[in-house]
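Everything on this sheet refers to the single structure shown next.
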Amino acid sequence: MASTKYDKPVIEVDHVSKAFPLGSSSRIIARISGKRPPSENSCFQALKDISFQMEQGEAVGILGENGSGKSTLLQIIAGTLKPTQGKVITHGRIAALLELGSGFDPDFTGRENVFINASIHGLSNRKTSEMFESIAAFADIGQFIEHPVRTYSSGMRMRLAFAIQIHMKPDILIVDEALSVGDDFFRQRCYNRINGLLTSGITFLFVTHNEEILRHLASRALLLHEGMLIQDSNPKQTIDAYKLLLGDKRRKSVQDRILRHKKTSKAQNPQEAKTKAHASICNVVIQSADGMPCNYFHPGHPMKIVLKGTCQTSVENLSVGIRIRNKEGLKIYSWATANQDEHTVSEGGSNPLFREKARGVSGFEVEFSFNCHLGKNLYYVEAYLANEDIQIRQNKQILDWVSEAAFFRVHFEDNGYFFGGVSDLKMNASWHMGTEESDPK
């Protein structure tokens, strides 16, 4: 797989732009909504002068808000869409998993679609028959492989589509958020297979909103915003830039609302004023049990993470949260005041403590206390503030976010007690003598 060695970039994106003409439907919608309709020649600029290269064996992730141009860029690189300007040069066989199951005929069975897709990639029926059992085993959809694809769930479509693509022996694999579908075990199987493909020299380009996937698979990450490439660096730096971009966007909307409020002397939309709140992280300090700053701990010792912040506008559902990661970027633990408030409500409490206390405050301090049951390593703390309704968990707005807010190190004491791994499970072993039935004669 990916046996051909290239002494030049396998993907070259050279000043690529893509514009889509705004059709009659856009003009109808504009008239209905009372807005000025676009002209006959108006276009939506999906991509604006994008340039980057990928070497053989690289894994590159793409981040960006919805509508930033991620999927359009992948389609152009895969060859299913033509750029308006610029060019893309690729070397080697491309396997692309773009729109979920878009290459399937819904009335054909999974087996039939395997053979159809394989023939599109230039494989003979004999070769496809030889690898069919391996494809079916990886997809793991049981007897549904003999059923029409229209009877499949989205997860089953993704399983089969991914299984087909990775068996086509591509030099370049392009995936558009398909790994966000399916159960945890299948996703882990996909990650393991992708890691194996990367070892063999495959080039992997993918879109994701999942930070863990990006940190785990990518050696480099791109950030698209409004059709422009604004960041090309390692995953951590790109994730930081993405978070700051989201925070800046929300802060700008708040400042615009404040200016409008000053001009009119009253908020024109009270509900909008609630949702576009603004808060900032001022400081994050790690302390020992006595409240003194400390960044060196032993397993089992008590520690505190203290976050201080301010609210520039009223935040009705303020949630203060932290994540602890080791130096390899693995998320060890995350917790937020919204978690605690939700637990309070589930236990029958009527007034969530933090949500109630945060209303109307300008300055605040939240202390996270715990015992340090972590393994020997260097750790860092991510901190964030969010407007989060505990009744609707997906309704969450990040107000401020700091990637490396604080650091601490964990070492073992010289008392003979140690363990391996990232967390101390307080395991205890006991010895049991064999019974008469189990004793050897």
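By the gyration tensor of its Cα atoms, with a ≥ b ≥ c the square roots of the eigenvalues, what is the shape of region 80-133: rounded for a/c under 1.5, prolate for a/b over b/c, or oblate?
Oblate.
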- Task: Evaluate E = 1/(1 + (r/R0)^6) for ARG93 and SER423, where r is the Cβ-Cβ distance and R0 equals 51 Å; express this FRET efficiency to the nearest 0.05.
- Result: 0.75
- So, how do all the Cα-to-Cα distances of region 109-169 break down into 10 Å bins, in percent, from 0 on up? 25, 60, 15
- Starting with the highest mean, order 150-162, 107-119 by the number of other Cβ atoms within 10 Å, averaged over the residues of each peptide. 150-162, 107-119
- Note on the structure: Carbon/sulfur accessible area of region 44-192, % of total, 1.4 Å probe, equals 49 percent
- Message: Normalised radius of gyration for region 69-227, please: alpha carbon Rg relative to 2.2 N^0.38 Å, two decimal places.
- Response: 1.03
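The values are calculated or read from the model by the stated rules, or taken from the named source; none is laboratory data. Owing to the predicted nature of the structure, the values given are computational and were not obtained by experimental measurement. As a convention, Cβ positions derive from the backbone with ideal geometry for all residues, glycine included, and neighbour counts pool all protein chains shown. Side chains included, ligands, DNA and RNA excluded: accessible areas come from the protein's heavy atoms. Shrake-Rupley method; radii C 1.70, N 1.55, O 1.52, S 1.80 Å.
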